[in-house]
Amino acid sequence: MKLSGFYLPAFVSLTLVLILSQPITSFSQTNEKFTVNGTITDASNGESLIGATVFIKSLGTGTSSNLYGFYALTLEAGSYELEFRYISYESKTVTINLQADQTLDLELSPVAQNLEEVVITETAIDENISNIEIGVNKLDINRIRKMPALFGEVDVIKSIQLLPGVTSVGEGASGFNVRGGNVGQNLVLLDEAPVYNSSHLFGFLSVFNPDAVKDVKLYKGGIPARYGGRLSSILDVRMKEGNNKELDVNGGVGLIFSRLAIEAPIVKDKASFIIAGRRSYGDLFAKAFTDVLDDGAALNFWDITMKANYNLNAKNRLFVSGYLGRDKFLFDANQGFSWGSRTTTARWNHIFNKRTFANFTFVFSDYDYSIKFGEDNVNRFDWNSKIRTLDLKPEFTFFANPNNELNFGGEALLYNFEPARAIGVSNGEITNISLEDKRGLETALYLENDQKVNSNLTLRYGARFSHFSYLGPGNYFEFTDSEPGDRRDVISVTRANNWESIASYHNLEPRFSLRMKTGPNSSMKASYNRMVQYVHLISNTTASNPLDVWTPSTNNLKPEKGDQYALGYFKNFGLGNAFETSAEVYYKSSKDQVDYIDGADLLINEFLEGDLLSGKGRAYGLELFVRKNTGKINGWASYTLARTELRVNGINQNQWYPTRFDQTHNLKLVLFYELDSRLSFSANFAYATGTPTTFPNARFEVQGYVIPYVANEGRNNFRIPDYHRLDLSATWRPKALKKNGEQRKNDSYWVFSIYNLYSRRNAFSIYFSQGTDRIAPGQPVQTEATQLSIIGSFFPSVSYNFKF
């Protein structure tokens, strides 16, 4: 029997299920060891707490809860004190007498939010020192809410751009860049569903509704083996599960859009739901003052995020979540463009035994865009494009003992690409220029162990084995071997049958991390990971946009591969370890990176692969980070010194050249100031070296017209001016959070913000033109450079937020 593609992970997963279903009593009796396990949740709303620490004081060791709040510890029989900790929550110590396997579910209460308690009792836990994670940043949604933001609205993507190693090419740019990677090399997950375009309003806002977000974690390095499919980073956004204690309603009204979220128990302490929605209303207000929008025109975005969960019993829990959103820019009923995403995630958590936790996930994800022009059905043009995926992931965690935690599982991911459904109509004559769909199947198996060698040394080691098949039906092409940098011509066309494998690739992706404690408040960490990417975002614009095309690896387009090495030093200091600091260096090398010939035709091009080039990439840098976690004044500062380059035959005389998103210096400052329990302030400052761009360095003049020319085949030979910006924000509560010493159930507050305080006109791009005046014979033609700034002035905003 041949085990490949989908069947291999399915077979292995079934085998693991049968093995793990067997009892482990004989092991426990022989070694006189027993297991305590359970779930750690928020006492106020029943939300599971991700990464909560369970510490055994007498042994000086412990564990942490997984993505679903589950933990397990296997210990010798005896009496133990277990300390449960989670930052911004009150710690709790429980004494157990472990003479048999037992379940201990625990609820932790949030620290009361008044000024005195924030200053005195909230102390930083040495999680950044003791855990093995390197190149990982986690942002608390409550902290994100306090940051100044464009339009006064909280945004996850804009917030992570204030972290070290994360950049953007400018305002209005969709997505983000991590450690030298392009936008398409980031795997963005919403409750495990891939999001192929994470932006609203061309990148000014993201698709993540902050009212529905529980946890935001960015992996830049040291990426666990359970993740794969992208070269640069993983952004894992987890949604709230919904308050299972009581009804909770919150929302806000801003200048651009309003939002509302409702969460409540379906069955108290057993099942709950959350539904959150947003809609912009610029077009609604405009209709009151103009008739421009009366003919079917639209200028808006909306989204709905929802989730429900149900505890079947102590060993089984079900989750269903989804997202639906769309942007519309319609000039009238027949012209304009729109784009949107849909995701669905269904999950089943199952506890096989006291030490084995499993999660089975099925994911549907869909992203599409459409363009249409023409005043009637006789003369029009319609273009639709889409990428759709189905994903099945069985994942297991085996808590062998306090010193070993084994994670293993598999994945089967089916892609369907619709590059173009394009129809043109001219005087009633229809021309169909659509492109055929493409298919791909990506499968993977992974195995990884977290091992605590001793109190000072922790290791994480494992690997991911991935396989990809480019599948029929469809035509596939063979191209000529032209001069590097020139378009390749088709020399043969072959037809593939339905589900026929046209090309296949397989790769072993090793992962390794190390943490060595160098003192009571410091540690050294190192990591290595190999990542492989089988799908490619095709875009040669200044910034990613909604009309970019995704395409699979084919017989002509190889998967991208990357290796990253990282080394870091982490140290905490100050009263209660109030300050945490880190310094990380990294080096990334990659091959089969995608670039484009000059004048590449990327849209509705059946022979797209003939315009693509591949080459080597390298990125290296230093990231410095310091954060103050406590007190009236807190925040962080980060500095990144980095370089990102490509070398592609046929470009820049085959020499290394900087990528479009290379930024040598990048400085971010984030400051929060709590004046009292009702008034707080925050500020952001960002500075970055200007990004590279390609300018002509020579020209021809022909009959009074200038023809620009780039000599020496240069690519990204100049830089636009440096970027810097200051934002301010103030949050004011009409009423204090506490009344007569008790927490108020209802809360409301105003947020006032100013984006780009000193009206910096940051360049997004620069283009050249010549004047329209007639040139006298013998006189040189005058040309000028024009700088395009997306936001050229300060932008004040106000929003009202409520909760009851």
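The values are calculated or read from the model by the stated rules, or taken from the named source; none is laboratory data. Treat the numbers as computed from the prediction; the structure is a model and nothing was measured. When we count neighbours, we look across all protein chains shown, and the Cβ atoms used for this are built from the backbone with ideal geometry, even at glycine. All accessible areas refer to the heavy atoms of the entire protein, side chains included, with ligands and DNA or RNA removed. Shrake-Rupley method; radii C 1.70, N 1.55, O 1.52, S 1.80 Å.
Here are the numbers:
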quantity: Packing-based order for 546-555, 380-389, using average beta carbon neighbours within 10 Å, highest first; calculated: 546-555, 380-389
quantity: Among 352, 392, 426 - extreme Cα towards positive end, dipole of segment 332-461, charges at beta-carbon; calculated: 352
quantity: Additional length obtainable on full extension of the chain from residue 540 to residue 494, 0.36 nm per residue less Cα span; calculated: 13.7 nm
quantity: Estimated 222 nm signal from helices in the chain, with DSSP H stretches of n ≥ 4 weighted -39500 (n - 2.57), rounded to 500; calculated: -1500 deg cm²/dmol
quantity: For segment 532-586 versus segment 670-728, the gap between their alpha-carbon centres in whole angstrom; calculated: 21
quantity: Length added when fully stretched, residue 744-residue 803, from 0.36 nm per residue minus Cα-Cα; calculated: 20.2 nm
quantity: Modelled FRET efficiency - R0 25 Å, residue 375 with residue 283, Cβ distances, 0.05 increments; calculated: 0.75
quantity: Those lysines that a straight Cα-Cα span of less than 16 Å connects to residue 217, excepting residues fewer than 8 apart in one chain; calculated: 138, 158, 240
quantity: Vicinal HN-Hα couplings computed from phi for segment 260-266 (Karplus, 6.51 cos²θ - 1.76 cosθ + 1.60; Hz; Gly/Pro x); calculated: 8, 10, 10, 9, 6, x, 8
quantity: Test item: Cα-centred dipole of segment 31-112, Lys/Arg +1 and Asp/Glu -1 on Cβ, debye; calculated: 160
quantity: For residue 51, distant residues with modelled amide H under 5 Å away; calculated: 65, 66, 69
quantity: Distance (nanometres) between label positions extended 7 Å along Cα→Cβ at residue 776 and residue 569; calculated: 6.8
quantity: Mean Cα-pair separation over length for the chain, i.e. relative contact order, pairs under 8 Å, 6 or more apart, %; calculated: 11
quantity: Segment 452-503 versus segment 741-802: alpha-carbon centroid distance in Å; calculated: 41
quantity: Protein accessible area in the chain, 1.4 Å probe - carbon and sulfur %; calculated: 57
quantity: Net dipole in debye of the chain [+1 Lys, Arg Cβ; -1 Asp, Glu Cβ; about Cα centre; nearest 20]; calculated: 1880
quantity: Cut-off under 5 Å, modelled amide H: who pairs with residue 496 long-range; calculated: 474, 475, 476
quantity: Label assignment, Kirkwood radius over Cα pairs in Å derived from the structure, set (i) 30.8; (ii) 28.5; (iii) 27.4; calculated: (ii)
quantity: Per-residue ³J(HN,Hα) for segment 416-430, Karplus 6.51 cos²θ - 1.76 cosθ + 1.60, θ = phi - 60°, Hz, x for Gly and Pro; calculated: 10, 9, 10, x, 6, 10, 10, 9, x, 10, 10, 6, x, 8, 8
quantity: Residues residue 700 and residue 676, FRET efficiency given R0 of 51 Å [Cβ-Cβ distance, rounded to 0.05]; calculated: 0.15
quantity: Assigned charges on the beta-carbon of Lys, Arg, Asp, Glu; segment 217-376 dipole about Cα centre (debye); calculated: 1560
quantity: Separation of the residue 107 and residue 528 label points, Cα + 7 Å toward Cβ, nm; calculated: 4.8
quantity: Where 368, 236, 376 fall by accessible area, highest first, once all protein chains stay in place (1.4 Å); calculated: 376, 368, 236
quantity: Angle in degrees between helix 7-20 and the longest Cα principal axis of the chain, rounded to the nearest 10; calculated: 10
quantity: Protection-proxy order for peptides 682-688, 420-426, each taking the mean of Cβ atoms within 10 Å per residue, highest first; calculated: 682-688, 420-426
quantity: Contour minus Cα-Cα distance for residue 142 and residue 364 (0.36 nm per residue); calculated: 77.0 nm
quantity: Surface/4 estimate of mean projected area, convex hull on alpha-carbon atoms of segment 31-112, nm²; calculated: 5.1
quantity: Packing rank of 654-665, 168-179, 147-158, where each peptide gets the mean count of other beta carbons within 10 Å, highest leading; calculated: 168-179, 147-158, 654-665
quantity: Accessible surface of residue 107 - all protein chains present, 1.4 Å probe, nearest 10 Å²; calculated: 70
quantity: Positive dipole terminus of the chain, leading residue within 379, 469, 700 (C-beta point charges); calculated: 469
quantity: Two-site label geometry, residue 665 and residue 622: point separation in nm, points 7 Å out along Cα→Cβ; calculated: 1.3
quantity: Solvent accessible area, Å² - residue 541, 1.4 Å probe, full protein context; calculated: 70
quantity: Dipole-positive endmost among 629, 654, 182 within the chain (Cβ charges, Cα centre); calculated: 629
quantity: Accessible area per residue, Å², the chain with all protein chains present, probe 1.4 Å; calculated: 43
quantity: Pairwise centroid distance, computed over Cα atoms, of segment 627-643 with segment 211-260, Å; calculated: 22
quantity: For residue 219, solvent-accessible area (1.4 Å; no DNA, RNA or ligand), Å²; calculated: 20
quantity: Whole-Hz couplings from phi, Karplus 6.51/-1.76/1.60, listed for segment 577-588; x for Gly and Pro; calculated: 6, 5, 10, 10, 10, 7, 9, 10, 10, 9, 9, 10
quantity: Long pairs among 214/738; 270/628; 146/386, criterion Cα-Cα beyond 29 Å; calculated: 270/628; 146/386
